[in-house]
Number of protein chains: 2
Amino acid sequence: MPLEALRYDITPAGLHYLLIHFDIPAVDAATYHLSVGGRVRNPLSLTLAEINARPSTTLAVTLECAGNGRARLSPRPQSQPWLGEAVGTAEWTGTALGPILDEAAPEQEAIDAVFTGMDRGIQGGVDQLYERSLPLDVARREEVLLVYAINGEPLPPQHGFPLRLIVPGWYGMTQVKWLRSVTVTDHEFEGYQQAKAYHFRRVDGDAGDPVTRILPRALMVPPGVPDFMSRTRFLNPSVVTVEGRAWSGRGEIVKVEFSHDGGATWSAATLEPALSPHSWCRWTIRWDATASGEYELCARAADAAGNVQPLDQSWNLEGVQNNAVQRVRVVVAAGGDQTQLPADSL
Amino acid sequence: MPLEALRYDITPAGLHYLLIHFDIPAVDAATYHLSVGGRVRNPLSLTLAEINARPSTTLAVTLECAGNGRARLSPRPQSQPWLGEAVGTAEWTGTALGPILDEAAPEQEAIDAVFTGMDRGIQGGVDQLYERSLPLDVARREEVLLVYAINGEPLPPQHGFPLRLIVPGWYGMTQVKWLRSVTVTDHEFEGYQQAKAYHFRRVDGDAGDPVTRILPRALMVPPGVPDFMSRTRFLNPSVVTVEGRAWSGRGEIVKVEFSHDGGATWSAATLEPALSPHSWCRWTIRWDATASGEYELCARAADAAGNVQPLDQSWNLEGVQNNAVQRVRVVVAAGGDQTQLPADSL
């Protein structure tokens, strides 16, 4: 999602970030069904028509890739090189998962639900369908949905057609697309994407901490206009309103601060209400950029759980959860006179 | 556009390639108007309602970035590192430009039309709105449209809302988005994107040849499943139908050939009719992949004008027009037995 799209409450179709782990599978909606099985007393097989006939909910949810910010880490871990754009907010429509699990009636020993997608590939030497699990108590939360529409339209192929999981507040690896089954288990799931990938590890071989809920982040629409190659921003001397969005999966956003001097001094931005308890909120601040010069703009968010964005990277092997503050270099210079623009950025 | 999306006749919303040169501008449709001026006897200012009221045409058009394939060049020119995915086919709806130019009545000396977008940035030291020109006789061709809808929906911001130019057969740099004016001139346009960028030059300082119409290319849906990190494809021994698309802006596709041995031997694929004179056509071929081993699959297209895809790169400074044949490495190995998968690709 190009950062100027932070201007939209709801990310327009085609601008929401995507992480396609393997390939986008071709799915025939007519023969599709979702299996709900494993340690349940009443296994289910639900067609799309049956899922559509259930009570529906529409919820604005901000999703973010666990690897967002990876390309800012030094040294750079090898994987999708997101700078900071792996985010988006959509209105997802679907039906709550909890009542479906209730209907399937998990057995006493059941503790986890495994979500299996139809996307297949090889990772870490393992031929696999993409799958992730959740503890049953999380899977049953009322905001956890099986989703068939985005922004009022049927899911397009890349967002998980015909059915996907949405778990508000959790990083993107949780949001299993092209969902083919939910399997209730009496033990913790040991699949590759759950037990091996998506851990915060500083050293190879460490157990590490599993990636779960989204850490707070604020991002701004970069002011001014870009240089094509360097992406440095140029701005005419002026007083501008800097706007952005902030979100956290761990608590309401309670503060966003802005700095024009690389984090030496901070000012509080004005927060607007979030669209839903699971979406980003807009923030704005007036920046007096009347003096020519070079600036490093920063924004940082804090949530109600006490999490604050760090100024520096928290390096790890997979390059996950890098929510260090955004830094945007802006050159303020009188417009039209191109000789004032530094040669190295042109 | 992930290459598995070659399976769709019309690229679904959000899967069509995008090249956002500077930023996506925010446009207010209510106050929008298109200016048509310059060397004309009857300058026009058209609102969206006026443009929508004109006769409408819907046309399936394949668009491709001039830089598609750039990241396969060695050494790699610095710019958007497309491998081969910068393509897509949409049904564009708009109104023909020719009658609007006729209404504006170009003066006798008029030779060019300059198309100016609302997207602004700096490139090559020049602060500019994105603009490109066309000779008037090209701009007046019946298939050249001012477009306000894609696949039956209003243009989303990233595709040029509220109005863009579509010039079927020409590379993407021609398809000016967020169009604010058409200016008729009595001289060749010397703007940055016309006179400096988008030239095929082997040596700095050469005049070079301007990039214009799309060279032929065939791409296949890579068979099998990917390894996450290397993107090497793995396939169970089987007979498979390989499918893909082929297109050219210089003439109808008359032949697509397929090779499983890196281009040593070739077989003719079956061609299906194109969706329109300006869209790609589907091709298929049966590949006997029952013998385990490593294969390098290739496809190459030829058009009615006698253009054939080259086997090797045609290196140039900007990395444009690299239509060397696609090469897809596929490992055919018995499924399930992961020990047969080479360790270096896991």
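If both residues of a DSSP beta bridge must be in chain B, then about 90% of such bridges are antiparallel. Across chain B, Cα pairs under 8 Å and at least six residues apart give a relative contact order of 19 percent.
For A:HIS187, neighbours were defined as the other residues whose beta-carbon sits under 10 Å from its Cβ, and their charges (Lys and Arg +1, Asp and Glu -1) total -4.
Distances between equivalent label points of B:ALA268 across the copies, with each point positioned 7 Å along Cα→Cβ, amount to 7.6 nm, shortest listed first. Sorting A:LEU3, A:LEU215 by the number of Cβ atoms found within 10 Å of their own Cβ, with the fewest placed first, yields A:LEU3, A:LEU215. Label separation (B:ARG41 vs A:TRP266): 6.7 nm, computed from points 7 Å beyond Cα along the C-beta direction. If R0 is 45 Å, the Cβ-Cβ spacing of B:ARG7 and A:ASP209 corresponds to a FRET efficiency of close to 0.70.
Checking every one of the GluC sites (Glu not before Pro) in region A:90-124 against DSSP loop status and a limit of 15 other Cβ atoms within 10 Å picks out A:GLU107, A:GLU109. When chain B is described by a simple charge dipole with +1 on each Lys and Arg Cβ and -1 on each Asp and Glu Cβ, the residue from B:LEU179, B:ALA291, B:LEU145 located farthest towards its positive end is B:ALA291. Is the shape of region B:3-197 best called rounded, prolate or oblate, per the rule: a/c under 1.5 gives rounded, else a/b larger than b/c gives prolate, else oblate, with a ≥ b ≥ c the square roots of the Cα gyration tensor eigenvalues? Because a/c hits 1.5 or more and a/b fails to exceed b/c, region B:3-197 counts as oblate.
Go ahead and set up a Gaussian network model of chain A, Cα springs under 10 Å, then flag whichever of A:GLY152, A:GLY84, A:GLY244 fluctuates most. Top of the fluctuation ranking is A:GLY152.
Put in line by how crowded their Cβ is, counting other Cβ atoms within 10 Å and starting with the fewest, A:LYS196, A:LYS177, B:LYS255 read A:LYS196, B:LYS255, A:LYS177. Is chain B best put as rounded, prolate or oblate by its Cα gyration tensor, with a ≥ b ≥ c the root eigenvalues, rounded for a/c under 1.5, and otherwise prolate when a/b is larger than b/c, oblate when not? Taking the square roots of the gyration eigenvalues as a ≥ b ≥ c, chain B is prolate.
Who wins for biggest fluctuation among A:THR265, A:THR57, A:THR89 in a Gaussian network model of chain A, springs between alpha carbons below 10 Å? Per the Cα network of chain A with a 10 Å cutoff, A:THR265 tops the list.
Amide H contacts of B:ALA289: B:SER238, B:VAL239, B:VAL240, each under 5 Å away and 5 or more positions distant or on a separate chain (H built 1.01 Å from N in the peptide plane; Pro and chain starts excluded). Closest approach of a chain A beta carbon to the axis mapping chain A onto chain B (residue, whole Å): A:GLY14, 2. Determine the sum of side-chain charges near A:GLU143: Lys and Arg each +1, Asp and Glu each -1, restricted to other residues whose C-beta is under 15 angstrom from that of A:GLU143. Here the count lands on +1. Between identical copies, the spacing of B:ASP209 label points, each set 7 Å from Cα toward the C-beta atom, reads 5.9 nm from nearest to farthest. Here's how it looks for A:ARG180: its modeled amide H is under 5 Å from those of A:THR116, A:GLY117, A:MET118, which are all 5 or more places away or on a different chain. Among the residues of B:119-128, the average count of other protein chain beta-carbon atoms within 10 Å of the residue beta-carbon is 6. With a/c under 1.5 counting as rounded, go ahead and sort the protein assembly as shown into rounded, prolate or oblate using the C-alpha gyration tensor (a ≥ b ≥ c being the square roots of the eigenvalues; past the cut-off, prolate if a/b is larger than b/c, else oblate). Verdict is oblate for the protein assembly as shown. Look at where the Cα atoms of region B:51-84 and of region A:1-22 average out, and the two centres are 20 Å apart. Between identical copies, the spacing of A:GLU50 label points, each set 7 Å from Cα toward the C-beta atom, reads 5.8 nm from nearest to farthest. Counting only other chain Cβ atoms within 10 Å of each residue's Cβ, the peptide A:10-22 averages 4.
Throughout, read-outs are computed from the coordinates displayed, never taken from laboratory work. Just so you know, these numbers come straight off a predicted model, no measurement behind them. Positions of Cβ are generated from backbone atoms using ideal geometry, with glycine treated the same way; all protein chains shown enter the neighbour counts.
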